[in-house]
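Peer 1: Dropping a structure here in structure tokens format, bear with me for questions.
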Amino acid sequence: MNAQTSCVVHDPLDVFEARRCLGRVVRDLGFGRIEGAELAIVVTELAWNILKHGVRGRIDIRAIESSTRRQGVEVVARDEGPGFVDLRSALIDGCDDRGPIDPSRMVARRGLASGLGAVVRFTDSLAVEDDPGGKRIVVTRYRRR
Ligand SMILES: Nc1ncnc2c1ncn2[C@@H]1O[C@H](COP(=O)(O)OP(=O)(O)OP(=O)(O)O)[C@@H](O)[C@H]1O
Ligand SMILES: [Mg+2]
């Protein structure tokens with residue numbers, strides 16, 4: 001049973017390894033294909049964000065259970081980069097952590113700034129906390145019944 005796993009995120013190949021780790025956990029927990037695919041997007045976006053904005057870090061994934069005994073997954077993305085200027089802005093599609101992005105910059109920046117928006121849509125909770133040497137983003141997702 002892969003109830004807990006972690007991987008470093010230092011280069012792009014590590015993003016695929018993080019997805020693979022997630023896949024093992026959700027399979028063992030019996031998550032459905034769609035739930036697993038949504039969580040794979042969550043892990044992928046958090047891992048790319050580590051490389052893009054947080055320099056380097058790690059992803060920890062573990063099985064959790066709610067107070068009502070629903071099974072779920074917690075994903076913790078730690079990195080060494082700067083904190084969010086404005087988290088609420090960063091969670092909105094088309095915005096970075098300072099506000100709306102000029103559409104003419106979208107191609108050059110190679111991203112629509114919708115990664116964290118997807119993370120919010122596919123999870124039940126998201127929190128950003130201080131971590132020694134940086135910060136951590138903690139998300140949870142419970143099985144639908
Ligand atoms: N790990 C992080 N550390 C610091 N800032 C971050 C981190 N992740 C995201 N951000 C900030 O939040 C904003 C929104 O993140 P989001 O993932 O939605 O978009 P993006 O990474 O800019 O573009 P995309 O994900 O579409 O390629 C980023 O532009 C950045 O300002
Ligand atoms: Mg992103």
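The values are calculated or read from the model by the stated rules, or taken from the named source; none is laboratory data. All values reported here derive from a predicted model rather than from experimental measurement. All Cβ positions, glycine included, derive from the backbone under ideal geometry; neighbour counts span all protein chains shown. Side chains included, ligands, DNA and RNA excluded: accessible areas come from the protein's heavy atoms. Shrake-Rupley method; radii C 1.70, N 1.55, O 1.52, S 1.80 Å.
Peer 1: If only one of ALA113, ALA108 is over 21 Å from VAL9 (Cα atoms) and either within 15 Å of ligand 1 (Cβ to nearest atom) or touching a residue at least 12 places away in the same chain (Cβ under 8 Å) (or both), which one is it?
Peer 2: ALA108
Peer 1: Working carefully through the options ARG88, ARG58, find the one that is at pLDDT 95 or above, part of a helix (DSSP H, G or I) and more than 15 Å from ligand 2 (Cβ to nearest atom).
Peer 2: ARG88 is the lone residue from the list that is at pLDDT 95 or above, part of a helix (DSSP H, G or I) and more than 15 Å from ligand 2 (Cβ to nearest atom).
Peer 1: Please find, within the stretch 98-116, the residue that is farthest from ARG136 (Cα to Cα) out of those that are at pLDDT 85 or above and in a loop (DSSP other than H, G, I, E, B).
Peer 2: Looking at the filtered set, the residue picked out is ASP102.
Peer 1: Of these, ARG78, ARG69, which one is of a type outside the set (A, V, I, L, M) and crowded, with 16+ Cβ neighbours inside 10 Å?
Peer 2: That would be ARG78, the only listed residue that is of a type outside the set (A, V, I, L, M) and crowded, with 16+ Cβ neighbours inside 10 Å.
Peer 1: Select from the stretch 114-133 the residues that are among the charged types (D, E, K, R) and open to solvent by 50 Å² or more (accessible area, probe 1.4 Å) and write down the one among them that is nearest to ligand 2 (Cβ to nearest atom).
Peer 2: Within the stretch 114-133, the first condition is being among the charged types (D, E, K, R), and the residues that meet it are 121, 124, 129-131.
Now drop any that are not open to solvent by 50 Å² or more (accessible area, probe 1.4 Å), which leaves 121, 124, 129-130.
Working: ARG121: 14, ASP124: 20, GLU129: 19, ASP130: 21 Å.
My answer is ARG121.
Peer 1: Which of the residues belonging to the stretch 34-55 are surrounded by 18 or more Cβ atoms within 10 Å (Cβ to Cβ) and within 9 Å of ligand 2 (Cβ to nearest atom)?
Peer 2: Hits for the stretch 34-55 are GLU45, LEU46, ASN49.
Peer 1: Just one of GLY111, GLY81 is within 16 Å of ligand 2 (Cβ to nearest atom) and in contact with a His (Cβ under 6 Å, 6 or more places away or on another chain); which is it?
Peer 2: GLY81
Peer 1: Follow-up. Residues in the stretch 57-66: is at least one of a type outside the set (Asp, Glu) and farther than 23 Å from VAL8 by Cα?
Peer 2: For the stretch 57-66, residues of a type outside the set (Asp, Glu) and farther than 23 Å from VAL8 by Cα: present.
Okay, residues lined up against (1) in contact (Cβ under 8 Å) with a residue 12 or more places away in the chain; (2) over 16 Å from VAL119 (Cα atoms); (3) of a type in the set (Lys, Arg):
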residue: ARG20; (1), (2), (3): no, yes, yes
residue: GLY23; (1), (2), (3): yes, yes, no
residue: ILE34; (1), (2), (3): no, no, no
residue: ILE64; (1), (2), (3): yes, yes, no
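Peer 1: May I pose another question? Among the numbered criteria (1) over 19 Å from GLU65 (Cα atoms); (2) in a helix (DSSP H, G or I), which single criterion is violated by VAL8?
Peer 2: Only one criterion in (1) over 19 Å from GLU65 (Cα atoms); (2) in a helix (DSSP H, G or I) is unmet by VAL8, namely (2).
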